[in-house]
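Participant: This is the structure I want to talk about, given as structure tokens.
The values are calculated or read from the model by the stated rules, or taken from the named source; none is laboratory data. These numbers come from a predicted model, not from an experiment. Don't worry about glycine lacking a Cβ; one is built from the backbone with ideal geometry, like all the others, and counts go over all protein chains shown. Side chains included, ligands, DNA and RNA excluded: accessible areas come from the protein's heavy atoms. Shrake-Rupley method; radii C 1.70, N 1.55, O 1.52, S 1.80 Å.
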Amino acid sequence: QVQLVESGGGLVQPGGSLRLSCAASGRIFGSSTAMGWYRQAPGKERELVAIMYSGVGTHYADFVKGRFTISRDNAKNTVYLQMNSLKPEDTAVYYCKISTTYSRDYWGQGTQVTVSS
């Protein structure tokens, strides 16, 4: 079941930028323990891109450090992934995930990011 609504994907040229958004309900957002972005390219396993641990800190995968930034807007119950200096190898379906109390996980429907000239 899709619990989070993602938007912002699309086609962009190498070196370009996109901002992905993940909108949650107040119930899910308010009980979050972690918020993260994952991606999955064709024929490959899903991999962690970036994650925020509520009130603790942020972790980025090595392949996006210095290029991507994860952030949140509590007033909008939304988590973002700002992607700069995009490369063709960033092409994938990007998924938002929010973990909450009671060991529950919620996933977005996925949004396609294609980096191509």
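Participant: How many residues are modelled with pLDDT of 95 or more and either within 18 Å of T114 (Cα to Cα) or open to solvent by 20 Å² or more (accessible area, probe 1.4 Å) (or both) when one looks only at region 33-42?
Facilitator: Matching residues across region 33-42 total 6.
Participant: Return the residues of region 1-49 that are closer than 17 Å to D90 by Cα, in contact with a helix residue (DSSP H, G or I) (Cβ under 7 Å, 6 or more places away or on another chain) and not hydrophobic (A, V, I, L, M, F, W, C); say none if nothing qualifies.
Facilitator: Once the filter is applied, which keeps residues that are closer than 17 Å to D90 by Cα, in contact with a helix residue (DSSP H, G or I) (Cβ under 7 Å, 6 or more places away or on another chain) and not hydrophobic (A, V, I, L, M, F, W, C), region 1-49 yields only P14.
Participant: Among the listed residues V79, V64, identify the single one that is of a type in the set (A, V, I, L, M), under 14 Å from T33 (Cα atoms), surrounded by 15 or more Cβ atoms within 10 Å (Cβ to Cβ) and free of Cβ contacts under 8 Å to residues at least 60 places away in the same chain.
Facilitator: Only one candidate qualifies: V79.
Participant: Can you tell me which of S116, S54 is of a type in the set (S, T, N, Q) and modelled with pLDDT under 95?
Facilitator: Sole residue among the options that is of a type in the set (S, T, N, Q) and modelled with pLDDT under 95: S54.
Participant: For region 2-23, does any single residue satisfy the condition of being modelled with pLDDT of 95 or more, touching a Leu at 6+ places or on another chain (Cβ under 6 Å) and closer than 19 Å to V56 by Cα?
Facilitator: For region 2-23, residues modelled with pLDDT of 95 or more, touching a Leu at 6+ places or on another chain (Cβ under 6 Å) and closer than 19 Å to V56 by Cα: absent.
Participant: Would you confirm whether any residue within region 62-73 is over 27 Å from S116 (Cβ atoms) and under 16 Å from the mean Cα position of the chain (by Cα)?
Facilitator: Yes - at least one qualifying residue is present in region 62-73.
Participant: For R19, state whether it is over 24 Å from S117 (Cα atoms), open to solvent by 60 Å² or more (accessible area, probe 1.4 Å) and touching a residue at least 40 places away in the same chain (Cβ under 8 Å).
Facilitator: no
Participant: Among the listed residues K87, K97, identify the single one that is touching a strand residue (DSSP E or B) at 6+ places or on another chain (Cβ under 7 Å), surrounded by fewer than 18 Cβ atoms within 10 Å (Cβ to Cβ) and in contact (Cβ under 8 Å) with a residue 40 or more places away in the chain.
Facilitator: K87
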